Amino acid sequence: MYCTRKLTEDIYWIGGSDRRLSRFENIFPIPRGVSYNSYVILDEKTVLLDTVDYSVSRQFIKNLEHTLKGRTLDYIVINHMEPDHCAVIGDILMRYPQATVIGNAKTFNMIDQFYENMQYKKMTVAEGDTISIGKHSLRFIMAPMVHWPETMVTFEESSGILFSADAFGTFGALDGIIFADEVDFDRDWLDDARRYYTNIVGKYGVQVQALLKKASALNIKMLAPLHGPVWRKDIEYILDKYNKWSTYEPEDKAIMIAYASMYGNTENMVNALACMLAEDGINNIRIYDISGTDVSTLISEAFRVSHIVLACPTYNGNMYPVMESFIGDMKALNLQNRTVALMDNGTWAATASGKMAAALEAMKNISILDKRFSVKSALKTSQAEELEAFKDAIKASME
Ligand code: FEO
């Protein structure tokens with residue numbers, strides 16, 4: 001049976017949720033699943049905005065047929081060509097061969113890349129082009145590299161809905177809800193929204209800023225992304241998050257301690273540091289064992305906090321391999337404007353801090369504290385004063 005929600009009297013969500021997929025893009029764990037959003041506008045002409053992933057295609061086609069109620073489909077707008085949204089274009093065109101596909105020049109290049117010999121009617125649009133479909137009209141706004149080159153967004157002028165492609169999306173299946181104000185977003189969704197943004201779009205802050213600037217000129221009443229809830233209230237909340245994330249400004253004055261430990265001695269070192277910080281009134285601390293935490297969570301946290309403590313053993317004369325991977329991901333995703341403190345451990349020779357510093361120096365606007373902390377094999381009580389001084393340096397950097 002169909003499963004749809006109304007955004008307005010004549011604009012519908014017709015997507016679906018996948019709770020079976022374990023990893024989005026075969027990389028990112030999604031224990032709460034993911035939704036693939038698609039929308040229909042009914043007017044003198046009928047319009048489908050994006051399709052869905054193949055996994056929810058049966059539900060999607062039922063939803064589309066129910067919503068059209070026997071009418072034909074006039075237009076298919078393709079805002080984004082990644083297969084979690086474009087997988088069903090061919091199936092839809094087989095059912096509605098008279099539909100005109102609307103996209104930009106890059107969209108059609110990608111359709112040719114993903115599909116073989118597909119015959120269909122096309123309408124190529126460019127920045128600012130509009131079409132009227134009756135009382136609704138659609139304006140097309142290019143959003144290159146948010147997060148693919150062909151990405152565009154579509155603004156429906158009469159309702160003020162911005163169909164925003166992946167922008168403002170989040171991991172998480174929709175449990176019947178469709179609006180962000182139907183859930184406790186801050187409590188239940190924000191972490192997944194941040195993890196989605198930072199890992200998938202995080203590298204492209206400049207391009208997100210360009211889109212936010214274009215969006216600020218529109219009278220937006222609703223943000224309708226391709227994943228997760230639709231925003232119709234408190235839109236400033238999510239715009240503010242996007243502004244911080246895309247300018248690489250921390251959300252919270254907080255410390256993330258990311259450590260790797262082979263036998264528990266490096267773990268003891270970071271626990272002792274955390275106790276000293278908390279004893280001194282700094283309580284906004286989270287500790288992560290990076291060997292057991294998915295790197296997408298580590299990246300999300302690194303975007304959230306102002307301060308990062310990295311601690312690991314020396315391994316084959318280098319930093320511990322998972323630390324190298326974490327720092328590599330931070331660099332790949334363009335993380336900036338953070339203060340980092342370094343701790344290492346070495347039974348033969350402690351060289352990990354130097355290696356971590358060299359890797360961090362290749363990133364933009366990362367401030368590495370001069371004071372570092374190192375142990376040989378295991379932390380001893382005789383180093384308590386030295387650890388206090390290291391804690392004091394972190395505290396001073398937060399003031
Ligand atoms: Fe949800 Fe970039 O695809």
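The values are calculated or read from the model by the stated rules, or taken from the named source; none is laboratory data. Since we're looking at a predicted model, the values are computed, not measured. Glycine also receives a Cβ, built like all others from the backbone with ideal geometry; neighbour counts cover every protein chain displayed. When the accessible area is computed, the model is the full protein with side chains, heavy atoms only, and any ligands, DNA or RNA have been set aside. Shrake-Rupley method; radii C 1.70, N 1.55, O 1.52, S 1.80 Å.
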Which listed residue is under 22 Å from Asp84 (Cβ atoms), in contact (Cβ under 8 Å) with a residue 60 or more places away in the chain and either in the same structural domain as Met81 (by TED's automatic domain parsing) or of a type outside the set (Val, Ile, Thr) (or both), from Leu218, Leu162
Leu162
Starting from the range 165-188, take each residue that is at positive phi and list its partners that are open to solvent by 20 Å² or more (accessible area, probe 1.4 Å) and in a loop (DSSP other than H, G, I, E, B), counting only C-beta distances under 9 angstrom and pairs at least six apart or across chains.
Ala165/Trp148; Gly172/Arg32; Gly176/Cys3
Hey, does the range 107-117 have a residue that's at pLDDT 95 or above, under 23 Å from the mean Cα position of the chain (by Cα) and either within 16 Å of the ligand (Cβ to nearest atom) or of a type in the set (Ser, Thr, Tyr) (or both)?
yes
Tell me the strands (runs of 3 or more DSSP E) entirely within the range 145-244 that contain at least 2 residues that are within 16 Å of the ligand (Cβ to nearest atom) and open to solvent by 40 Å² or more (accessible area, probe 1.4 Å).
none
Picked from the range 354-368 (must be over 19 Å from Lys203 (Cα atoms) and not β-branched (Val, Ile, Thr)), the residue most open to solvent (accessible area, probe 1.4 Å) is Lys355
Out of the range 82-98, which residues are in a helix (DSSP H, G or I), within 16 Å of the ligand (Cβ to nearest atom) and touching a residue at least 40 places away in the same chain (Cβ under 8 Å)?
Asp84, His85
Yes/no for Tyr54 being within 16 Å of the ligand (Cβ to nearest atom), open to solvent by less than 10 Å² (accessible area, probe 1.4 Å) and assigned by TED's automatic domain parsing to the domain that holds Asp191:
no
How many residues are in a loop (DSSP other than H, G, I, E, B) and either crowded, with 20+ Cβ neighbours inside 10 Å or not assigned by TED's automatic domain parsing to the domain that holds Val101 (or both) if we restrict to the range 35-51?
4
So which of Arg71, Arg32 ends up being assigned by TED's automatic domain parsing to the domain that holds Gly176, in contact with a strand residue (DSSP E or B) (Cβ under 6 Å, 6 or more places away or on another chain), in a loop (DSSP other than H, G, I, E, B) and over 25 Å from Asp329 (Cβ atoms)?
Arg71
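Any residue in the range 123-135 that is away from the ligand (no atom under 13 Å from the Cβ), at pLDDT 95 or above, within 24 Å of the chain's Cα centre (by Cα) and not in a loop (DSSP other than H, G, I, E, B)?
Initially, the range 123-135 is screened for residues away from the ligand (no atom under 13 Å from the Cβ), giving 123-135.
So of that shortlist, the ones also at pLDDT 95 or above come out as 123-135.
Pick out the ones that are also within 24 Å of the chain's Cα centre (by Cα) and you get none.
Scanning the range 123-135 turns up no residue that is away from the ligand (no atom under 13 Å from the Cβ), at pLDDT 95 or above, within 24 Å of the chain's Cα centre (by Cα) and not in a loop (DSSP other than H, G, I, E, B).
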Determine if the range 287-295 includes at least one residue that is part of a loop (DSSP other than H, G, I, E, B), surrounded by fewer than 22 Cβ atoms within 10 Å (Cβ to Cβ), small (Gly, Ala, Ser) and in contact with a helix residue (DSSP H, G or I) (Cβ under 7 Å, 6 or more places away or on another chain).
yes
